[in-house]
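Below is one structure, written out as structure tokens; the observations come after it.
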Amino acid sequence: MKRFIRILCWSLLTLFVLAACVVVGAWFFESRLTDQEIVDEFRGQRIRPVVHSYQITGLKQPDGRTEPPRTIRFIETPAPPGDSALPVVLFVHGAPSSLSFFADFFKDTTLLNRAQLVAVDRPGYGFSDFGRVETSIIRQAEYLQPLIDRYKKAPYLMIVGSSYGGSVSARLAMNNPDRVDHVVFVSSALGPGLERTYPISYFADSPLIRWGVPPLLRLANDEKLAHRKALEAILPDWPKIRASITMLHGQLDELVYPTNISFAQQHLVNAQVKQFLLPENRHDIVFNKREYMTQIILDILNRRVVKETVNVKSMALK
């Protein structure tokens, strides 16, 4: 019995030390790259992303007051000269994360030659007012709308949303049914309640503990605890999506459940949906299946070219 108690005590102590190390480490790990670090990251590449930012002003808060300005940072690869416009692929990250989450896609020469790539720091993350949380999906989409407007002349616009970024991508597609051509949902949380919320999330939100939670984890936790309500707010608008949909999800995902695919198929009544359920993956597709993701994106872009070619030939015959 004494031996069991001793082992239990050591186990609990080990878990406490590991948890403390994670929390302390998170205070110094912000999962974001500065503008100069982005320049250094892609130095030497033939096609290098450029860092931009814009401000949102004049939006009203629910109480009617004018909201303070918001800054949104994003990166994009240069547009080709002249009229030879490329399709645009916009990456929207999850939580906790930043646009640097997609850095390896910006190093893939095959993808760079086929599309103009864009990645954005979602509100509160990276250098989009880091630490200033926004738990409303509707509001986040409003902050990212200038990006949709920026590429309104693109021949094709695809949004790739990962995890929570999928929720925001869905809202962007709802708001822009005539502009967004395709949405790729990767491990995306789309249905209210179809994700795991660990008890520690509620513990970390308590007044006595919250002050000690690192900003990056606090951001993600605030979004997590408000996510169900935020998804319920956009529930009536799923029929507005007319973009084609591709869904990638890990069958072993215990954080964002695979049942999100069934939810999407049920509610995307005006969209064509194609799904890829990966039997060996958890919530790790962007990390462990990047080349697979890239191939799917390229396949979508190639089918777009084939479709346009067929249309041109058909018109010529008339």
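Bear in mind these aren't lab numbers, they're just calculated from the coordinates by the rules spelled out. Quick caveat, the model's predicted, so the values are computed rather than measured. Cβ placement follows ideal geometry from the backbone for every residue including glycine, while neighbour counts extend to all protein chains displayed.
Okay, here's what the table says:
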read-out	value
Linear extension gain, Q55 paired with S201, 0.36 nm per residue minus alpha-carbon span	49.4 nm
Pairwise label distance in nanometres, V269 with Q36, each label 7 Å out on the Cα-Cβ vector	5.5
Violating pairs (Cα-Cα greater than 30 angstrom) within the set K107/K153; K107/K240; K107/K229; K229/K274; K152/K224; K153/K224	K107/K240; K107/K229; K152/K224; K153/K224
Footprinting exposure proxy for K289, K229, K224, K153 (fewest neighbouring C-beta atoms within 10 Å first)	K153, K229, K289, K224
Label-point gap, in nm, between K240 and K153 - each point 7 angstrom along Cα→Cβ	2.7
Sites T71 and D284, calculated FRET efficiency, Cβ-Cβ separation with R0 30 Å, nearest 0.05	0.50
Note, ³J(HN,Hα) from phi for segment 185-192, Karplus 6.51, -1.76, 1.60, rounded to Hz, x at Gly and Pro	8, 10, 6, 8, 8, 10, x, x
Filtered GluC sites (Glu not before Pro), segment 188-265: DSSP coil and at most 16 other beta carbons within 10 Å	E254
Cβ-Cβ FRET estimate between Q145 and I209, R0 fixed at 30 Å, reported to 0.05	0.25
Cα-based convex hull volume of segment 165-318 per residue, rounded to whole Å³	130
Segment R132-Q45, length gained on full extension (0.36 nm per residue, minus Cα span)	28.0 nm
Normalised contact order of segment 190-275, rounded percent, pairs of Cα under 8 Å and 6 or more residues apart	40
